[in-house]
Every structure is written in structure tokens, then in C-alpha cells.
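Q: Got a structure for you, questions after.
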Amino acid sequence: MRKSNNNISNLIVRYLKGKLDENQKKELNLWLEVPRNKQLFDEITTKERILNKSTSYDVFNSEKAWKQIDQKISVKINYRRILAYAAVIVLPLAIGFFILNQVPKYNKEMAQFYEIKPGEFNAKLYFANGEVVDLKKDTSSRFRSADNLVVEKDSEKLKINSDLMEGGKRNKLNRIVTPIGGEYEVELPDGTVVKLNADSYLEFPSKFSGKERRVVAKGELYFDVAKNKDWPFIVESEGMELKVLGTEFNVRAYSDEKEIISTLVEGSVEVSNSSGELIRLTPDRQVVLNKSDQSMLECKANIESVTAWKNGKFIFDNRRIEDIMYDLARWYDVKVFFANSKVKDKRFSVDVPRYGEIESILTLLKGTGETSFTINKNVITVK
């Protein structure tokens, strides 16, 4: 007796969710004994096809999506046509959202030649007056804004010279922005050197004036502040404020993370939150600020791990695989999906070059036997 398409669709959805009971497994296996059914099932549920075109939804309306596929199954079977309408399944939690009519046929030959590359020196400079310089594409070694802010550039560093600045233009903010897969270094007018990790930005005035040197930071940045005991250097970052006279410290303040972490390498720094609570850090200590309630926690820091990124390495010290993968995603400009949400909390320790191939890092992680990966173009699935 022919089984209803609706019932088969529901069984396939439950299979993808990992929720088949023994009777349902037997029912699905019986349907799969028909060769053309097995071919259709394999091609619809192949992970390479699932991830060929994806979007980050964790939930989907399975009834509605499969109803549309049912309409294709119920007519005379044409596998190529069915697959053109088959859903794309996104797997951050092993099941995802179906996009019908949009899935191009997976091309293994094309995927074979897709190369995932590490990040590089890449940023854009936005002058306060609206001018924009693409630091990767523009080969000039010197720029001058309309208000006489002079910027000298080599392949990986900017130097801001404000000596010729017009007096009335001093306090407007400029911004240097690194994309995902980019990094850059800038020397500010006072001699302070700031290195920006991927997906970060720094806002700074055209010329420091008044009683303080104040900048705004987001993402991850390493500061080597020029010493001046009479002229404090202040960093604002999403509710956290750091005040220093001359020191080295790291700030991690990505907008998609729940915490801001400030780590002191050398010197001293005062860290405060929006409530005015103050913590004075000593070297090798860090403050973790919870964005939701602005609470602050001081703890010991692993300086080698925190600053590894600026020294050309990844050092993950007992880090969650979810955190590791999202750091790799920012640097290698890839998308990450978790086929099994339970694996997210597994912890690993890794010490590898930052400019190497991502495959070598994944091989190390896979070697533990705790997880595995598949790569399709720029999409990495963690299982």
C-alpha cells in the first residue's frame, strides 16, 4: 500500500531533528527500500546540498515547507525538478529554515577550488569631514584631508600627523575600521600605537586637546599608550571606560558578545562602568564587564592567550569550541554552523599560527575525537 506523502514528509522532518522512534524508523526504512525514494532522500538530506545556500534561522515551519515539497513528490517524480524546490536546511541546532526555489545544484568541482584564506592587513579610514580611504586598495603612502590632517601609510600601519591641523577642526572624530578578515595598526598623534583585530574600529580626534586623550573602541584592540602623567588616555567601549597614563592593555568588546574584557599587560589602568564602579588593575589581571547588568568581575588573565592575536598566533586556553569557531570565523571570513548544539560547550586548548590554513587548525581539533567538521566553500559545519 502506498504511504501518504504527508506522512513521509513528517518522517523525514523527524529524522532530521533526530526524533524518530523505533516504529517510525522502520516505517521510513520501508519507504527507503524503493530505489527512487532512497535517491530522493539522500539528495535532499545531503549536508553539502543543505549548506550550499544557507541562512541563519534556527527554527522553521516544517509543516508549511514540507507541504510544498509534497506537492512535488505527489506528481510524476522528476528528481532534478524536485531538488530545485527542495529546502535548504540550516544546521545551527541540527534543523533550520527551508528556502524553496533558490537552491542551485551543488557543484563539487567548484567547491574543490574555493580557498579559505587567513586575514590580512585591510581597513578603511573615515576622515571626520566625510572623506574615505580604502587602505587596502589605495597605494598612496601619504594622505591629506581637506582640513590638513596628514596620514602616512605603509602596508600595515598608519601614522597620524596633526601638526598642520586647523585649530577649529581638532576635536572632530575620525574612524579606522577593519572588516572581517582584516587587521591594521595606527599610530595616533600623541605617539600611542593601537592594533586592531578583525571586525573592529577605533574613533579618534584629529588632534588631542584639553585635559585628556579620549578615543572610542569596538571589537578587539591592543593599546600601547604613550606615557604622559599629566595627560590621561581614556578608552570608551560600550559602557566600560579605561583610564591610563601610559601602559599596554587589550580590549575585547565585540557587539555580538555578552561581555567586555579589558586585560592589563603593563603599567596600571582604572576601569569603570556606567554606574561609576571603579577597579584599578595591576599587570596580568583583567576585568570582565557583563553588558546586561554592567557588573564587573576582576580575575587573573592568561596574557599569552589574550595577546596571541597581535603576535600572529591563536592560543586558545581551555576555550569553548563555539568561542573558538567564532574567532576563526572573524579571521578567515567563514560562516560557522553547529549540526549538534551539545558540542558547543566542549573545551579545547590550541596553540597555532594565525596566518596558517584553517584546515590545519580543524585537523588538530578533530584529532581529539571530540568533534568533526565539514567544509563547503566558506561554510564550516561542526558536528
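Q: Hey, quick one: spin label on residue 363, modelled 7 Å out along Cα-Cβ, who in the stretch 312-328 has an amide N within reach, i.e. under 18 Å?
A: 314
Q: Is there a quick way to get the dipole size of the stretch 110-209? I mean about its Cα centre, with the Cβ of Lys and Arg at +1 and of Asp and Glu at -1; what is the value in debye to the nearest 20? Write down the numbers at each step before the final one.
A: Working: 15 positive and 17 negative charges, 47 e Å.
The dipole of the stretch 110-209 has a size of about 220 debye.
Q: Quick one: 3J(HN,Hα) in Hz for the stretch 127-143, Karplus 6.51/-1.76/1.60 with θ = phi - 60°, rounded, Gly and Pro as x.
A: Once θ is set to phi - 60°, the couplings for the stretch 127-143 become 5, 4, 8, x, 5, 10, 10, 7, 6, 7, 8, 7, 8, 4, 9, 8, 10 Hz.
Q: Can you tally the net charge around residue 223? Count Lys and Arg as +1, Asp and Glu as -1, for every other residue whose Cβ sits under 15 Å from the Cβ of residue 223.
A: Local charge sum for residue 223: -4.
Q: Counting only other residues whose beta carbon sits under 13 Å from that of residue 346, what net charge do I get with K and R as +1, D and E as -1?
A: Working: positive: 319, 320, 342, 344, 347, 366, 383; negative: 322, 323, 345, 370.
Here the charged neighbours net out to +3.
Q: Once phi is turned into ³J(HN,Hα) by the Karplus curve 6.51 cos²θ - 1.76 cosθ + 1.60 with θ = phi - 60°, what whole-Hz value does each residue of the stretch 178-184 show in order, with x for glycine and proline?
A: Those phi angles translate into 9, x, 4, x, x, 8, 6 Hz.
Q: Any chance you could get the radius of gyration and Dmax over the Cα atoms of the stretch 225-329, in Å?
A: 13.9, 44
Q: List the residues whose amide H sits under 5 Å from the amide H of residue 266, counting only those 5 or more places along or on another chain, with H placed 1.01 Å from N in the peptide plane.
A: Amide H neighbours of residue 266, under 5 Å, 5+ apart: 248.
Q: I'd like the Karplus ³J(HN,Hα) series for the stretch 336-347: coefficients 6.51, -1.76, 1.60, θ = phi - 60°, whole numbers in Hz, and an x wherever there's a Gly or Pro.
A: Per residue, the Karplus-derived 3J(HN,Hα) values read 10, 10, 9, 6, 9, 5, 5, 6, 4, 8, 5, 10 Hz.
Q: Okay, next question. Would you kindly state how much longer the chain becomes between residue 141 and residue 39 on full extension, computed as 0.36 nm times their sequence separation minus their alpha carbon distance, in nm to one decimal?
A: Result for the pair: 30.8 nm of gain on full extension.
Q: Ok, one more. For a 29 Å ceiling on Cα separation, which of these pairs sit above it: 136/207; 137/258; 137/243; 38/117; 211/300; 300/344? Walk me through the numbers before you get to the answer.
A: Details: 136/207 24 Å; 137/258 34 Å; 137/243 35 Å; 38/117 37 Å; 211/300 32 Å; 300/344 24 Å.
Flagged as over cut-off: 137/258; 137/243; 38/117; 211/300.
Q: Determine the gain in length on full extension of the stretch residue 173-residue 342; use 0.36 nm per residue of separation and subtract their C-alpha separation, reporting nm with one decimal. Show your work: numbers first, answer last.
A: Details: separation 169, 0.36 × 169 = 60.84 nm, distance 4.43 nm.
Length difference between fully extended and current span is 56.4 nm.
Q: Now for a different question. Quick check: pseudo-label points 7 Å beyond the Cα along Cα→Cβ at residue 378 and residue 7, how many nm apart are they?
A: 4.6 nm
No value in this document is a laboratory result; all are computed from the given coordinates. For clarity, every value in this text was computed on a predicted model and none was experimentally measured. Because the Cβ atoms are built from the backbone with ideal geometry, glycine has one as well, and the counts that use them run over all protein chains shown.
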